[in-house]
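Participant: So that we are looking at the same thing, I have put the structure below in structure tokens.
Throughout, read-outs are computed from the coordinates displayed, never taken from laboratory work. For clarity, every value in this text was computed on a predicted model and none was experimentally measured. FYI the Cβ positions are ideal-geometry reconstructions off the backbone, even for glycines, and counts take in every protein chain you see.
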Amino acid sequence: LEEQVRSLQASTPRKYPKVKYLNYKNRKRILITGGAGFVGSHLVDYLMIQGHEIIVVDNFFTGRKRNVEHWLGHENFELIHHDIVNPLFIEIDEIYHLASPASPPHYMYNPVKTIKTNTMGTINVLGLAKRVMAKVLIASTSEVYGDPQVHPQPETYWGHVNPIGPRACYDEGKRVSETLSYAYAKQEKVQVRVARIFNTYGPRMHMNDGRVVSNFILQALRNETITVYGNGKQTRSFQYVSDLVDGMIALMASNYTQPVNLGNPVEQTIGEFANIIKHLVGGQSEVKQIKAMEDDPQRRKPDITRAKQRLNWEPKVPLETGLLQTISYFRNELARSDRFQEN
Ligand code: NAD
Ligand code: UDP
Ligand code: UDP
């Protein structure tokens, strides 16, 4: 075996994307919980390329090894299969806490687990941050505003959430996550950053993600009916994933400790959005209205004044550019899954 391993290593040296060299003073050990998921894996790429040491902790509920496989074996990279509901003892300088299902069908699949992840999981992350004195950024969500009665939503709005509805496991879970963060900040002097993330899309979204961007693109690519839930007059504002990553990096680096909205303020009705995607993909899909989702927020658009002022951040990628990238990603994914089925 040793002989075989040696000859394999000699014949196929592993190649990696190029990373910057950082000396030990500037290089950080950064934990990314949920780093094998959609957003987390893009954050991994950014921070690896900057030259940091990255530790991903993920239970692979919705994440995939494939999202980070291009780093497996790199000396700056570690992937740990671990459920954040259980304590975690490692030594790190910074934490990006993203572990949580994010799409409604995923977080509603096991609501109790969603609550545990966002409460017990966040307590473990904050306990770890306290012990090692790490700075921690919590991935919160626009869902803390619920079905908002203030439009667009500034960070000062307290929200309008049904505490016992089907979305509550996620919405209230994230609200507790925020409460925990500020309790640990006040009582234990943990340095926290809270990002309230609005709808984000891009390559590496899961094929079965179930959120509107992946559903509509896949339906259009397969010439299937595009399913609008309800009358399609509800709105969302879509942000491309690279803009979100830039915002999270800026927030972590800043001194600002209050919650910050990270999202793209260009608002769309879901009905319009179906037509935009149909047009960009081409094809013969029909757009059809089906049963509305219970407690579906009717309007959502971030007020990003705070992010502009405090972080000097605003989204850069236009919707059409981001959607074309995402469509091309899903086209490849479909071809890949067809190849698997043939074999
Ligand atoms: P995702 O489902 O692709 O990623 C979540 C990751 O967390 C997955 O890799 C999953 O396996 C992992 N995970 C879930 N439960 C875990 C547990 N108990 N222990 C360890 N790992 C666990 O979703 P995403 O879109 O990348 O979202 C990432 C974060 O950003 C989430 O916290 C989500 O709530 C937040 N967020 C995302 C959006 C968005 O539009 N993408 C919007 C608002 C907030
Ligand atoms: N914790 C952890 N890793 C650490 C330190 C703490 O997972 O490095 C967990 C610990 O198991 C505890 C939680 O974080 O359940 C909260 O920690 P804290 O110190 O606030 O609470 P305590 O240990 O005093 O109950
Ligand atoms: N939606 C839809 N068809 C789908 C999936 C979602 O019309 O196939 C709607 C959904 O009802 C909501 C919006 O699109 O109004 C965004 O849904 P998503 O699940 O992407 O995220 P949310 O913002 O609700 O968490």
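Participant: Which net charge results when you count Lys and Arg as +1 and Asp and Glu as -1 among the other residues whose beta-carbon is under 14 Å from that of Val190? Write down the numbers at each step before the final one.
Facilitator: On the way: positive: Lys130, Arg131, Lys135, Lys186, Lys189, Arg193; negative: Asp93, Glu94, Glu178, Glu188.
Residues near Val190 contribute +2 overall.
Participant: Using +1 at the C-beta of Lys and Arg and -1 at the C-beta of Asp and Glu, which of Tyr170, Asn199, Tyr96 has the Cα lying farthest in the positive direction of the dipole of the chain?
Facilitator: Checked the options; the winner is Tyr96.
Participant: Return the loop-located trypsin sites (Lys or Arg not before Pro) in segment 1-110 (DSSP other than H, G, I, E, B) with at most 15 other Cβ atoms within 10 Å of their own Cβ; answer none if there are none.
Facilitator: Working: sites: Arg6, Arg14, Lys15, Lys18, Lys20, Lys25, Arg27, Lys28, Arg29, Arg64, Lys65, Arg66; in loops: Arg14, Lys15, Lys18, Lys20, Lys25, Arg27, Lys28, Arg64.
Hits after loop and neighbour filter: Arg14, Lys15, Lys18, Lys20, Lys25, Arg64.
Participant: Given charges of +1 on the Cβ of Lys and Arg and -1 on the Cβ of Asp and Glu, with all other atoms neutral, how large is the dipole of segment 208-343 about its Cα centre, in debye to the nearest 20?
Facilitator: On the way: 17 positive and 16 negative charges, 46 e Å.
Computed about the Cα centre, the dipole is about 220 debye.
Participant: Next question. Could you give the dipole magnitude of the chain about its Cα centre, charging the beta-carbon of Lys and Arg +1 and that of Asp and Glu -1, in debye to the nearest 20?
Facilitator: Details: 42 positive and 35 negative charges, 113 e Å.
Charge dipole of the chain: 540 debye, to the nearest 20.
Participant: Another one. Can you tell me the alpha carbon radius of gyration of segment 1-112 divided by the globular rule-of-thumb value 2.2 N^0.38 Å? Let's see the in-between values first.
Facilitator: Working: Rg = 16.0 Å, N = 112, 2.2 N^0.38 = 13.2 Å.
Normalised Rg, Cα atoms only: 1.21.
Participant: Need one number: % antiparallel among DSSP beta bridges in the chain, to the nearest 5.
Facilitator: Numbers: 3 of 38 bridges.
Among the beta bridges of the chain, antiparallel pairing accounts for roughly 10 percent.
Participant: When we measure straight from the Cα of Lys20, which lysines land under 17 angstrom away, once same-chain ones fewer than 8 places off are left out?
Facilitator: Of all the lysines, those that pass the test against Lys20 - Cα under 17 Å, at least 8 places apart if same chain - are Lys28.
Participant: What would the Debye equation give as log₁₀ I(q)/I(0) for segment 109-203 at q = 0.11 Å⁻¹, counting only Cα atoms as equal point scatterers?
Facilitator: Scattering profile of segment 109-203, log10 relative to I(0): -0.34.
Participant: Follow-up. With a 10 Å radius around each residue's Cβ, average the other Cβ atoms per peptide and rank 228-236, 120-128, 204-212, 73-81, highest first.
Facilitator: Details: 228-236: 17.0, 120-128: 21.7, 204-212: 18.6, 73-81: 14.8.
By packing density, highest mean first, the sequence is 120-128, 204-212, 228-236, 73-81.
Participant: Give the peptides 86-97, 147-158 in descending order of average Cβ contacts within 10 Å, highest first. It would help to have the intermediate numbers written out before the result.
Facilitator: On the way: 86-97: 17.8, 147-158: 15.9.
The most tightly packed comes first, giving 86-97, 147-158.
Participant: Would you please put 249-261, 191-203 in order of how densely packed they are, using the mean number of other Cβ atoms within 10 angstrom per residue and starting with the highest?
Facilitator: 191-203, 249-261
Participant: Picking from Ser181, Ser254, Phe238, whose Cα lies most toward the positive end of the charge dipole for the chain (charges on Cβ: Lys, Arg +1; Asp, Glu -1)?
Facilitator: Ser254
Participant: Residues with beta-carbon under 13 Å from that of Asn124, excluding Asn124: net charge, scoring Lys, Arg +1 and Asp, Glu -1? Mind dumping the intermediate values first?
Facilitator: Working: positive: Lys116, Lys130, Arg131; negative: Asp83.
Neighbourhood net charge equals +2.
Participant: Over all directions, the average projected area of the alpha-carbon convex hull for the chain comes to how many nm²? Don't skip to the answer; put the middle values down first.
Facilitator: Values: hull surface 77.8 nm².
Computing the convex hull of the Cα atoms and averaging its projections yields 19.5 nm².
Participant: Let me ask you something else. Return the aspartates and glutamates within reach of Lys135: Cα separation strictly under 14 angstrom, same-chain partners fewer than 8 residues apart disregarded; answer none if there are no such residues.
Facilitator: Cross-link targets: Glu91, Asp93, Glu94, Glu188.
Participant: Determine the sum of side-chain charges near Pro105: Lys and Arg each +1, Asp and Glu each -1, restricted to other residues whose C-beta is under 12 angstrom from that of Pro105.
Facilitator: Details: positive: Arg167, Arg211; negative: Asp209.
Net local charge, Pro105 excluded: +1.
Participant: As a quick test, which of the pairs Lys116/Lys174; Lys233/Lys278; Lys65/Lys301; Lys174/Lys301; Lys25/Lys189 have an alpha carbon distance above 21 angstrom in this structure?
Facilitator: Working: Lys116/Lys174 11 Å; Lys233/Lys278 17 Å; Lys65/Lys301 33 Å; Lys174/Lys301 18 Å; Lys25/Lys189 24 Å.
Too far apart for the 21 Å limit: Lys65/Lys301; Lys25/Lys189.
Participant: On to the next question. Residues with amide H under 5 Å of Val57's amide H, sequence separation 5 or more or different chain, H placed in the peptide plane at 1.01 Å from N; which?
Facilitator: Long-range HN contacts for Val57: Ile32, Thr33, Gly34, Gly35, Ile80.
Participant: Using only the C-alpha atoms of segment 209-319, find the volume of their convex hull and express it per residue in Å³. Working shown, then result.
Facilitator: On the way: hull volume 12.3 nm³, N = 111.
Spelled out: Cα convex hull of segment 209-319, divided by residues, is 111 Å³.
Participant: Let me ask something else. Return the Cα extents of segment 154-260 along principal axes one, two and three, sorted largest first, each rounded to a whole Å.
Facilitator: 55, 34, 23
Participant: Per-residue ellipticity at 222 nm for the chain, helices alone: DSSP H runs ≥ 4 residues times -39500 (n - 2.57), over residue total, nearest 500 deg cm²/dmol? Let's see the in-between values first.
Facilitator: Details: 9 runs with 130 residues, N = 343.
That calculation yields -12500 deg cm²/dmol at 222 nm.
Participant: Further, regarding this structure: How long are the semi-axes of the equivalent ellipsoid of segment 147-193, taking √(5λ) for every eigenvalue λ of the Cα gyration tensor, in whole Å from largest down? Don't jump to the answer; show the numbers that get you there.
Facilitator: Details: eigenvalues 111, 45, 9 Å².
Largest first, segment 147-193 gives 24, 15, 7 Å.
Participant: I'd like the per residue volume of the convex hull spanned by the Cα atoms of segment 50-152, given in cubic angstrom. Write out the running numbers ahead of the final one.
Facilitator: Working: hull volume 14.8 nm³, N = 103.
That works out to 144 Å³ per residue.
Participant: Calculate the dipole size of segment 1-86 relative to its Cα centre from +1 charges on Lys and Arg beta carbons and -1 charges on Asp and Glu beta carbons; express the result in debye to the nearest 20. Please report the intermediate quantities before stating the final value.
Facilitator: On the way: 12 positive and 9 negative charges, 82 e Å.
Computed charge dipole of segment 1-86: roughly 400 debye.
Participant: Please list, ordered by chain and number, the residues whose modelled amide H lies under 5 Å from the amide H of Val194; skip anything fewer than 5 residues away on the same chain.
Facilitator: Ile138, Val260
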